[in-house]
Amino acid sequence: MLVLDGWSSPNHRSIWNFTILTPTRKEYIIQLSDLSADSHTSDFIAEKIEAIINRIGPSKFAAVVSDNGANVRKAREIIQTKYPCIKNIRCISHCINLISCDIVQHSFANKILKKVNILASFFRNNAMAGRNSS
């Protein structure tokens, strides 16, 4: 499986990570690139993905996983069209992060988080609270 993500560094560079996940759950960073000078079109990203797929061998990949930005989503679609055996998968971690960000903006979430923090502080600050009473 090929997993990719891009982010902006503190000095505003566009850094992209391409990682291979094996069936035995090992992770290998196959490429870390500064793509600041390039336009991140779906075709450009698909070319980067395809270069890695061809370097390793298409038969070694079952899926391409990334966030759901429009350009990256389209790049995954391009790859799946060229390589039908390679599935197009949206990253569940990104989905959960987006949902969580929406939820914590509601007032009820703020009240719950305050109560959870009070409980966490109690258990962190009280030695007896964490001990088994049996």
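The values are calculated or read from the model by the stated rules, or taken from the named source; none is laboratory data. All of these numbers come straight from a predicted model, not from anything done at the bench. For neighbour counting, all protein chains shown are included, and Cβ atoms are generated from backbone atoms with ideal geometry for every residue, glycine included.
The figures follow:
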read-out	value
Boolean, residue 25 is in a loop (DSSP other than H, G, I, E, B) and closer than 13 Å to residue 3 by Cβ	yes
Sole exception among (1) outside any strand (DSSP E or B); (2) in contact with a Gly (Cβ under 9 Å, 6 or more places away or on another chain) for residue 6, by number	(1)
Residue in the stretch 28-41 that is of a type outside the set (D, E, K, R) and either in a helix (DSSP H, G or I) or more than 18 Å from residue 6 (Cα to Cα) (or both) present	no
Residues (more than 18 Å from the chain's Cα centre (by Cα) and either of a type in the set (A, V, I, L, M, F, W, C) or not in a loop (DSSP other than H, G, I, E, B) (or both)) located in the stretch 53-72	53, 54, 55, 56, 58, 59, 60
Pairs where the first residue, in the stretch 45-71, is assigned by TED's automatic domain parsing to the domain that holds residue 28 and the second is part of a loop (DSSP other than H, G, I, E, B) and polar (S, T, N, Q), C-beta under 9 Å, 6+ apart	71/41
The one condition in (1) within 12 Å of residue 2 (Cβ to Cβ); (2) at pLDDT 95 or above; (3) surrounded by 13 or more Cβ atoms within 10 Å (Cβ to Cβ) that residue 54 fails to fulfil	(3)
Residues of the stretch 73-108 that turn out to be farther than 19 Å from residue 44 by Cα and part of a helix (DSSP H, G or I), as a count	14
Residue pairs meeting the criteria (Cβ under 6 Å; at least 6 apart or on separate chains; first more than 23 Å from residue 68 (Cβ to Cβ) and assigned by TED's automatic domain parsing to the domain that holds residue 74, in the stretch 89-115; second at pLDDT 75 or above and not in a helix (DSSP H, G or I))	none
